[in-house]
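Below: the structure, in structure tokens.
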Amino acid sequence: QVQFVESGGGLVQAGGSLRLSCVYSGHIFSNFDMGWYRQAPGNQRELVAAINSDGTTDYADSVKGRFTISRDSAENTVYLQIDSLKPEDTAVYYCATPMSVAYDQWGQGTQVTVSS
């Protein structure tokens, strides 16, 4: 079982930036597929950024050019740099692996609130 602890969220004005962190522990290899998801009130959880075991990244169209996912395997941490924040980015942000998603295992998430 893998555990995730997300942090770095907060209340920011539109146009601002945040850096989210996800520290993971448990039965996991040093390099693996990892994604950042978000869930806004009344919406389904959606994948916004992913980083594969070979380091390649992919982003949802709505965040391309503004979000950057990265990892520090030595620190068991995955990051999400969020720039040019928009009010529609307001959500709880989670990190997860494909396996943890399949087993519906999530951390507590970190709240991002963007004011206009």
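Could you say whether any residue in region 67-75 is at negative phi, within 13 Å of the chain's Cα centre (by Cα) and of a type in the set (Asp, Glu)? Looking through region 67-75, none of the residues is at negative phi, within 13 Å of the chain's Cα centre (by Cα) and of a type in the set (Asp, Glu). When you look at Glu6, is it of a type outside the set (A, V, I, L, M, F, W, C), under 10 Å from the mean Cα position of the chain (by Cα) and either surrounded by fewer than 13 Cβ atoms within 10 Å (Cβ to Cβ) or not in a loop (DSSP other than H, G, I, E, B) (or both), yes or no? So Glu6 passes the test.
Whether a residue is among the aliphatic types (A, V, I, L, M), more than 17 Å from Ala50 (Cα to Cα) and in contact with a strand residue (DSSP E or B) (Cβ under 9 Å, 6 or more places away or on another chain) was assessed, and Leu85 passes this test. When you scan region 65-83, do you find a residue that is assigned to a strand (DSSP E or B), among the small types (Gly, Ala, Ser) and more than 16 Å from Gly9 (Cβ to Cβ), even just one? Yes, some residue in region 65-83 is assigned to a strand (DSSP E or B), among the small types (Gly, Ala, Ser) and more than 16 Å from Gly9 (Cβ to Cβ).
Would you check if Arg38 is outside any loop (DSSP other than H, G, I, E, B), charged (D, E, K, R) and either surrounded by fewer than 16 Cβ atoms within 10 Å (Cβ to Cβ) or more than 10 Å from the chain's Cα centre (by Cα) (or both)? Against the criterion (outside any loop (DSSP other than H, G, I, E, B), charged (D, E, K, R) and either surrounded by fewer than 16 Cβ atoms within 10 Å (Cβ to Cβ) or more than 10 Å from the chain's Cα centre (by Cα) (or both)), Arg38 does not qualify. Residues that are outside any strand (DSSP E or B), touching a residue at least 40 places away in the same chain (Cβ under 8 Å) and open to solvent by 60 Å² or more (accessible area, probe 1.4 Å) within region 89-116 comprise Pro98, Met99, Trp106, Gln108, Ser116, listed in sequence order. Evaluate region 16-23: report whether one residue or more is closer than 25 Å to Gln1 by Cβ and either in a loop (DSSP other than H, G, I, E, B) or without any contact (Cβ under 8 Å) to a residue 40 or more places away in the chain (or both). Within region 16-23 (the criterion being closer than 25 Å to Gln1 by Cβ and either in a loop (DSSP other than H, G, I, E, B) or without any contact (Cβ under 8 Å) to a residue 40 or more places away in the chain (or both)), the answer is no, since none of the residues qualifies. Selection within region 9-35: residues that are modelled with pLDDT of 95 or more and in contact with a Pro (Cβ under 9 Å, 6 or more places away or on another chain). The member of this set that is surrounded by the most Cβ atoms within 10 Å (Cβ to Cβ) is Gly35. The residues in region 96-116 that are over 18 Å from Ser62 (Cα atoms), within 15 Å of the chain's Cα centre (by Cα) and hydrophobic (A, V, I, L, M, F, W, C) can be counted, and the count is 3.
Taking the conditions exactly as written (surrounded by 14 or more Cβ atoms within 10 Å (Cβ to Cβ) and either within 26 Å of Val12 (Cα to Cα) or at pLDDT 95 or above (or both)), does Thr57 satisfy them or not? Answer is no for this residue. The set of residues from region 71-88 being open to solvent by less than 30 Å² (accessible area, probe 1.4 Å) and farther than 16 Å from Glu46 by Cβ comprises Thr77, Val78, Leu85.
The values are calculated or read from the model by the stated rules, or taken from the named source; none is laboratory data. Every value quoted in this text rests on a predicted model; they were computed, and no experiment measured them. Cβ atoms come from the backbone with ideal geometry, glycine included; neighbour counts cover every protein chain shown. Ligands, DNA and RNA are excluded from the accessible area calculation, which covers all protein heavy atoms including side chains. Shrake-Rupley method; radii C 1.70, N 1.55, O 1.52, S 1.80 Å.
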